[in-house]
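The values are calculated or read from the model by the stated rules, or taken from the named source; none is laboratory data. Everything quoted here is computed from the prediction, not taken from an experiment. Neighbour counts run over all protein chains shown; Cβ positions are idealised from the backbone, glycine included. Only protein heavy atoms, including side chains, enter the accessible area calculation; ligands, DNA and RNA are left aside. Shrake-Rupley method; radii C 1.70, N 1.55, O 1.52, S 1.80 Å.
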Amino acid sequence: MKSTQDHLTVSDIKEDIVLLKSGGAAMVLQTTAVNFDLLSEQEQISIIQAFAQLLNSLSFPIQIVIRSKRLDITDYLRLLDNAIYHQKNPLLSNLMIKYRLFVQSLIRQNNVLDKHFFIVIPLSQLELSLVPKKRSDELLKKMKMILSPKKEQITRQLARGGI
């Protein structure tokens, strides 16, 4: 029976570089989010232009990954329950109960998601011109030498858009 590791394409992670079983590598950047709907029209245009500049400046492939999962607030509700139980002031206790009910109904009525945004900079085996499974400090240095300028370019371009 095969283990989970047998199905993964990742062999290791060293010095912020994801090493792939295929002989390639990747660098993953986690970015922040911008609540686009809350921005003014001018700010929205500015972010769109900055993102367009980022895409137009690329001479290498990237992947944009958005990971969404439903937010579990069970621990937060337990924390509120504990605070309500220990609250001596009846007025504050009543306000906390109302707040807890509000949070609980908000989560029930809306699909609240926890989102994480990533940019993956892949590096193929062909770019490294090597035989698979050959890993060394020299190879890792070469990977960093190729991926670091790409990372810096993306980081600068994202900063223009406030990301």
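Quick check on Asn56: is it open to solvent by 100 Å² or more (accessible area, probe 1.4 Å) and either assigned to a loop (DSSP other than H, G, I, E, B) or not aromatic (Phe, Trp, Tyr) (or both)? Against the criterion (open to solvent by 100 Å² or more (accessible area, probe 1.4 Å) and either assigned to a loop (DSSP other than H, G, I, E, B) or not aromatic (Phe, Trp, Tyr) (or both)), Asn56 qualifies. Does any residue of segment 67-88 turn out to be open to solvent by less than 100 Å² (accessible area, probe 1.4 Å) and within 24 Å of Pro149 (Cβ to Cβ)? There is no residue in segment 67-88 that is open to solvent by less than 100 Å² (accessible area, probe 1.4 Å) and within 24 Å of Pro149 (Cβ to Cβ). Of everything in segment 1-27 that is among the acidic types (Asp, Glu) and either in contact with a helix residue (DSSP H, G or I) (Cβ under 8 Å, 6 or more places away or on another chain) or open to solvent by 100 Å² or more (accessible area, probe 1.4 Å) (or both), the residue that is farthest from Gln153 (Cα to Cα) is Glu15.
Quick one: in segment 1-12, which of the residues that are hydrophobic (A, V, I, L, M, F, W, C) and outside any strand (DSSP E or B) is nearest to Pro61 (Cα to Cα)? Filtering first and then ranking leaves Leu8. Of everything in segment 107-130 that is assigned to a helix (DSSP H, G or I) and either open to solvent by 70 Å² or more (accessible area, probe 1.4 Å) or in contact with a His (Cβ under 6 Å, 6 or more places away or on another chain) (or both), the residue that is nearest to Gln153 (Cα to Cα) is Glu127.
With the requirement that a residue be closer than 15 Å to Leu147 by Cβ and either touching a Lys or Arg at 6+ places or on another chain (Cβ under 8 Å) or not in a strand (DSSP E or B) (or both), what does segment 13-22 give you?
Initial filter on segment 13-22 (closer than 15 Å to Leu147 by Cβ): 13-20.
If the condition is that a residue be closer than 15 Å to Leu147 by Cβ and either touching a Lys or Arg at 6+ places or on another chain (Cβ under 8 Å) or not in a strand (DSSP E or B) (or both), then Glu15, Asp16, Ile17, Leu19 are the ones that fit.
Evaluate the following for Gln30: is it in contact with a helix residue (DSSP H, G or I) (Cβ under 9 Å, 6 or more places away or on another chain), on the phi < 0 side of the Ramachandran plot, outside any loop (DSSP other than H, G, I, E, B) and open to solvent by 40 Å² or more (accessible area, probe 1.4 Å)? When the stated conditions are applied, Gln30 does not pass them.
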